């Protein structure tokens, strides 16, 4: 029994005894006994532990009543990362229309995928080119007068819409930014929040467009570079070096006469070049000798080597600023050190302009 309950019971017994015996001394005696017993029981270890536990529980309850629930911040989406993953997971170019539609139907998660897949396949065959990539499918239920769902296919180059019996292709759909983003074609608005995966597909479309632009830029640069030339002998390699020296910005570069080069195979007003068509990598002494000529004439030194360079030669070139290229038998040089990369990048930049 708890000390409080025991004390109350003793007090009640004392009151009853005092009334029964009509004696105040008996009442006070019982009251003193009750107080003494209460004090003794309240001071026991078990009672103290019980009081401490009760106080701890009350403190926890008060704290829970005053402390607000923690606010759980939503995890921020990385739409760009999702777009890159979408482009990686799409069927490869050249896949069948059925495969492309099936991949998008999985992400769409429609209740009646089979019938819808047939309709999307027919729409894609009529309005999507073979070299386009289908990024997303859109269904707007009950959006037409007859209750037939509006269908839309977003590709990397256009938005194809079928509304009722009319289908059309929009090469430049509008994009609505902000928290209520949407894709629009004419009066039709496709909100991201209403169409699963549409926001990611729009971001993937932008990435694909950027990739095509970069590809066109690379093709333009590649077309402007000197054409490949089959190298069969040393003189062929020297002629290739002349063409590339001119592309690199040394427009007046010419090959030196055979047998009278003194170690220099190509010369211009601002640079000299040496070409080595040997089976072993070019060593430091040869590169160092070219650097000496350049210092004497105040020109830039450019080296073309078929077999590449030794580590010592590359280290010397880095410290001296000598430009190192390695070429193959198809006449395609590649930069070996930082100076060569910078020189080639500057030439490509001029071509883009």
**Message:** Just to be sure I understand the filter: pairs with C-beta atoms under 6 Å, separated by 6 or more residues or on different chains, first member in region 326-353 and on the phi > 0 side of the Ramachandran plot, second member assigned to a helix (DSSP H, G or I) and surrounded by 12 or more Cβ atoms within 10 Å (Cβ to Cβ). Which pairs pass?
**Reply:** 331/240
**Request:** Kindly provide the set of residues from region 103-122 that are at pLDDT 80 or above and either over 30 Å from residue 210 (Cβ atoms) or in contact with a helix residue (DSSP H, G or I) (Cβ under 7 Å, 6 or more places away or on another chain) (or both), ordered by number.
**Result:** 105, 114, 115, 116, 117, 118, 119, 120, 121, 122
**Request:** Only one of these is at pLDDT 80 or above and either closer than 17 Å to residue 209 by Cα or assigned to a loop (DSSP other than H, G, I, E, B) (or both): 84, 77. Name it.
**Result:** 84
**Complete:** When (1) farther than 18 Å from residue 256 by Cβ; (2) buried (at least 19 other Cβ atoms within 10 Å of the Cβ) are applied to residue 302, the one that fails is (1)
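The values are calculated or read from the model by the stated rules, or taken from the named source; none is laboratory data. Quantities reported herein were computed from a predicted structural model and do not represent experimental measurements. Neighbour counts are summed over all protein chains in view; Cβ atoms, including those assigned to glycine, are modelled from backbone coordinates with ideal geometry.
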